[in-house]
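Here the structure is laid out as structure tokens; the discussion comes afterwards.
The values are calculated or read from the model by the stated rules, or taken from the named source; none is laboratory data. Predicted, not measured: the structure shown is a model, and the values here were computed from it. Positions of Cβ are generated from backbone atoms using ideal geometry, with glycine treated the same way; all protein chains shown enter the neighbour counts.
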Amino acid sequence: MKFLFPGNLGANVIIVVFGIIMIIAAFLAKLDSTTSSLLVAVGASLFIAGFLGIVHLKVLSIEINKVASQPIEDLNLMTQIRSSGIEGVSDDRDRLIDKMMYDIKEENDEIVIVGSSLKGLIGVGYNSSGSNQKFRDLLIDLLEKNVKINILMTNPEIAHHRSQQEGRDPGGIEAEIIKNLMYFTKIRNEHKTKAQNLNIKLYRGTPTIFMIALSKNMMINPYPYYSTAYNSYSFLIRGGSDLYRGYFKSHYQMAWDSSQSESIPSDINLAKAQIEKFINGKNEHESDIIQKSESKTELMHELNQLL
């Protein structure tokens, strides 16, 4: 390396100065064209060599030393992480979603979303704000340009398992799921010519990973039994990697195609009938899905707003 970039900083500065002097001299001195061209060529070579030497000493050598000082185990780990397909990690899920926003906007094929109620992504019910509203607007844009949107949520009939683990009030997560089913039904009804692009299914199992998958990449947000997804670490996965293919197949595709998944009809009247069944129905233990009568009344009022 020293052969390519000789000397210390002072030597390289001198080389740069000599190069500049020779170039100036070639233009100011009364020399024949051959000599003048030779001076310019030598001066330019000296300038470039000195400049690169300075860059090496002040920038490249520092970065090289940083990498060289890392234990070999750390370098191997970094290589393994990158080769597995992991391109980013954050303890703030919204930060990775923000990082994906451009790719989401540019998606032309399909977006897959897997979660319980999607409260952390789109808010709850007909009204939303901030980043939740921003994502809702983006989904509508995708819908309008014929991108297929497949959303897999938790069936309200078994969502009480998740409520208990997160320390939520009985019927809390169930109500969020129902309200967001109303929202998606509303969107389908408002965009009838594109409604076939928005597919909603309910899975009879509580997810262990929140996921957004695009053609280019995927975000997975694993979470423990006794915590919410958005308070846990998230990972950005490169599309086409083994990790991407594994999670796409096992966490989405197999569940989506399973008999444990129930579709929400695109027809508004059929969808409303199915949502009403959840509001007034029983869970797998024959307890009311929505236990508080005032909550049922509120949900039925919101359901009747769907035209």
- [ ] Just one of (1) touching a Ser or Thr at 6+ places or on another chain (Cβ under 8 Å); (2) modelled with pLDDT under 85; (3) under 17 Å from ILE113 (Cβ atoms); (4) not basic (Lys, Arg) trips up THR208, so point out which.
- [x] (1)
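Can you pull out the residues in the range 99-120 that are closer than 30 Å to ASN155 by Cβ and either charged (D, E, K, R) or out of contact with any Phe, Trp or Tyr (no Cβ under 9 Å at 6 or more places or on another chain) (or both)? Talk me through it step by step, then tell me what you get.
First pass over the range 99-120, keeping only residues closer than 30 Å to ASN155 by Cβ: 100-101, 103-104, 107, 109-120.
Once the filter is applied, which keeps residues that are closer than 30 Å to ASN155 by Cβ and either charged (D, E, K, R) or out of contact with any Phe, Trp or Tyr (no Cβ under 9 Å at 6 or more places or on another chain) (or both), the range 99-120 yields MET100, ASP103, GLU107, ASP109, GLU110, ILE111, SER117, LYS119.
Is it the case that PHE210 is among the aromatic types (Phe, Trp, Tyr) and assigned to a helix (DSSP H, G or I)?
Working: among the aromatic types (Phe, Trp, Tyr): yes; assigned to a helix (DSSP H, G or I): no.
In short, no.
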Open item on the list: Given the options ILE264, ILE279, ILE275, name the one that is β-branched (Val, Ile, Thr), in contact (Cβ under 8 Å) with a residue 24 or more places away in the chain and either touching a strand residue (DSSP E or B) at 6+ places or on another chain (Cβ under 6 Å) or surrounded by fewer than 17 Cβ atoms within 10 Å (Cβ to Cβ) (or both).
Closed with: ILE264
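For every residue, the table says whether it meets (1) at pLDDT below 80; (2) surrounded by 14 or more Cβ atoms within 10 Å (Cβ to Cβ); (3) farther than 30 Å from SER215 by Cα; (4) out of contact with any Gly (no Cβ under 7 Å at 6 or more places or on another chain).
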residue	(1), (2), (3), (4)
ASP32	yes, no, yes, yes
LEU39	yes, yes, yes, yes
SER69	yes, no, yes, yes
LYS119	no, yes, no, yes
Task: Residues of the range 122-156 satisfying the condition of being of a type in the set (A, V, I, L, M, F, W, C) and either in a loop (DSSP other than H, G, I, E, B) or farther than 24 Å from ILE209 by Cβ (or both) - done: ILE140, LEU143, VAL147
TODO: Determine whether the range 239-248 contains at least one residue that is of a type outside the set (S, T, N, Q), surrounded by 15 or more Cβ atoms within 10 Å (Cβ to Cβ) and in a strand (DSSP E or B).
DONE: no
